[in-house]
Amino acid sequence: MLNEQEKFLLKLSTNLFIITDGEGNISYASPKAVLLFGFSANKDINISRFLSEENWQKLKQHTAAALNTKIPEYFPIRHQNRIFNVYIHSNEGLACQCWEDITERRQLSLALNRTSERIEFAERATNVGYWELDIQARRLYWSTEMYRLLGLDAKHISHEQNIIRNYILQEDYPAYKNKLHEMIQTGEPAEGILRLRRNDDKIIYCSYKSAFFRDGERNKIAGIFQNITKLIEMQQDLDKARQVAEASNRSKSYFLAQASHDLRQPMLALGIFLSALEEEPLNAHQKDLLNKLSSSANNLTTMLDNLLDMSKLDSEGFKTHENIFNISDLLKNIFFEFHEIARSRGIIFHTTLCHYRVKSDALLIERVIRNLLSNAFKFTRNKVLLGCKREGNFIRIIVMDNGEGIAPEEQEGIFDEFYQSKKINELNRKKGAGLGLAIVKRISDTLKLDITLKSTPGQGSSFSFKLPLVKGT
């Protein structure tokens, strides 16, 4: 039996202690055991009274084995919603039982397992592997995804060396090594992209991030590797497609720029022939055909000019030429040219002049104004205004018409190439190629004109832009 000193020590223990014979009759129970099972002061009690039938049979079986073989028995048992590890050893024909409560430990273990499973799932879903290196002990830890990342079997990997270097491509390793050394010296994380050769010789791209930290008295480095091969390959494919598209676009622009003279010459000749025909005596039917032919030729010339202008603006060799000029002289010349067109169409065309000198590319500014006026003449009811006014250190050029206007949802799209307004289609008006305003946008972006559009459906539209004044004007 136990002496007083042994009983005192058992009282201090967090475990439960019970001594029984082979039939379960209790000869000693520690205070914690009495509290758990609710033993009475009567010593002639049997432990089977306090256990379920299943638990009693399990305890009885292991008790008999320990008494017969003299070899300690160990097994888990669940009692009163608690989990115990039960240890039984034989001592002079009695079964000494130690019940260790492992409920919290088991719950913590299950929680850790669930957390580990979630982390592993997240790593696999994002192709991210985690590693950790104990610098002093030269011990390396890899997560499951790190092995999967490189096609390795964890059973055949030594954890006593940093094997990452064995899988980094030779030409990428020096930069990676230098970043790690810099990280240790400065304490700042290291990150970048490198290539790894998997165990099956397949090369993958990985982004990495590593950080130095202290775990108690030990220096450690931890980091992640993320497989971004698909992302890199997608980016490479996009770059190739972009290069092909840019090369094709350069070829197109070069061809159009080089062919500019050859393309315009036939149209110039066609215009001369049409002018000659107008001088000939024609009947009414022939004059009608000539007018339609002239109109088609004019439209074709306009579209050709727009296409060639677009090609010039897109070409790599295109340059602007800033100069100082009087804005009034430019507006006068444009006004007189469009005045005849307005008179032939019954359009009231006004202009307001302002005698200021501005600095910009005069030829491109003239092209912008011409395109805006052509657009206004095409869609106005009967009035167009070309004006200018001073705003601080700038001159604002304005082109206004009283046409159908532009719906708010269409105002951004009208500057796109080949855009056709739905309202224009509904009115069944003669449509252009949809390049006039696109050229205006290209030139305005190049010269930083900041084209402004104000339009009210049913009342008309106003396009404007600002030019910087030359000091002293």
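Within segment 404-423, residues that are over 22 Å from Val384 (Cα atoms) reach partners that are open to solvent by 50 Å² or more (accessible area, probe 1.4 Å) and modelled with pLDDT under 75 with beta carbons closer than 9 Å, at six or more positions or on different chains, in the pairs Gly413/Tyr419. Of the strands (runs of 3 or more DSSP E) entirely within segment 315-375, those holding at least 2 residues that are touching a residue at least 12 places away in the same chain (Cβ under 8 Å), within 17 Å of Cys388 (Cα to Cα) and open to solvent by 60 Å² or more (accessible area, probe 1.4 Å) occupy 357-360. Scan segment 183-222 for residues that are assigned to a loop (DSSP other than H, G, I, E, B) and of a type in the set (A, V, I, L, M, F, W, C) and jot them down. Of everything in segment 183-222, nothing turns out to be assigned to a loop (DSSP other than H, G, I, E, B) and of a type in the set (A, V, I, L, M, F, W, C). Screening Cys388 with (1) more than 18 Å from Leu453 (Cα to Cα); (2) part of a strand (DSSP E or B) gives one miss only, at (1). Would you confirm whether or not segment 207-217 contains a residue that is of a type in the set (Phe, Trp, Tyr) and either over 18 Å from Trp142 (Cα atoms) or touching a His at 6+ places or on another chain (Cβ under 7 Å) (or both)? The answer is no; no qualifying residue exists. Quick check on my filter: what residues within segment 376-404 are open to solvent by 20 Å² or more (accessible area, probe 1.4 Å) and small (Gly, Ala, Ser)? Gly392, the sole residue that qualifies. For segment 234-251, filtered to residues that are surrounded by 12 or more Cβ atoms within 10 Å (Cβ to Cβ) and either assigned to a strand (DSSP E or B) or out of contact with any helix residue (DSSP H, G or I) (no Cβ under 8 Å at 6 or more places or on another chain) (or both), the residue that is modelled with the highest pLDDT is Gln235. Candidates Glu132, Glu123: the one that is surrounded by 15 or more Cβ atoms within 10 Å (Cβ to Cβ), at pLDDT below 85, farther than 30 Å from Ser30 by Cβ and touching a Gly at 6+ places or on another chain (Cβ under 9 Å) is Glu123. Here is a check on your reading of the model: is Ile221 of a type in the set (A, V, I, L, M, F, W, C), open to solvent by less than 40 Å² (accessible area, probe 1.4 Å) and modelled with pLDDT of 90 or more? Judged against the criteria, Ile221 is not a match. Where strands (runs of 3 or more DSSP E) fall entirely within segment 13-114, those with at least 3 residues that are under 60 Å from the mean Cα position of the chain (by Cα) are at 73-79, 82-91, 94-101.
Okay, residues lined up against (1) touching a Cys at 6+ places or on another chain (Cβ under 6 Å); (2) within 30 Å of Leu108 (Cα to Cα); (3) modelled with pLDDT under 85; (4) surrounded by 17 or more Cβ atoms within 10 Å (Cβ to Cβ):
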residue: Thr14; (1), (2), (3), (4): no, yes, yes, no
residue: Asp21; (1), (2), (3), (4): no, no, no, no
residue: Gly24; (1), (2), (3), (4): no, no, no, yes
residue: Asp44; (1), (2), (3), (4): no, no, yes, no
residue: His89; (1), (2), (3), (4): yes, yes, no, no
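Between Arg78, Arg106, Arg139, Arg118, the distinction of being free of Cβ contacts under 8 Å to residues at least 12 places away in the same chain, charged (D, E, K, R) and either in contact with a strand residue (DSSP E or B) (Cβ under 9 Å, 6 or more places away or on another chain) or open to solvent by 70 Å² or more (accessible area, probe 1.4 Å) (or both) belongs to Arg118 only.
Quick one: would you say Ile193 is among the hydrophobic types (A, V, I, L, M, F, W, C), at pLDDT 85 or above and open to solvent by 100 Å² or more (accessible area, probe 1.4 Å)?
Yes.
Of the residues making up segment 91-103, just one is farther than 21 Å from Glu23 by Cβ and open to solvent by 50 Å² or more (accessible area, probe 1.4 Å), namely Asp101. A single member of Arg148, Arg165 is in contact with a strand residue (DSSP E or B) (Cβ under 8 Å, 6 or more places away or on another chain), part of a helix (DSSP H, G or I) and either open to solvent by 20 Å² or more (accessible area, probe 1.4 Å) or modelled with pLDDT under 90 (or both), and it is Arg148.
The values are calculated or read from the model by the stated rules, or taken from the named source; none is laboratory data. The shown structure was predicted, so the numbers you read here are calculated from the model rather than taken from an experiment. Ideal geometry is used to build each Cβ from the backbone, glycine not excepted, and the neighbour counts take in all protein chains shown. We work out accessible area using only protein heavy atoms, side chains counted, and drop any ligands, DNA or RNA first. Shrake-Rupley method; radii C 1.70, N 1.55, O 1.52, S 1.80 Å.
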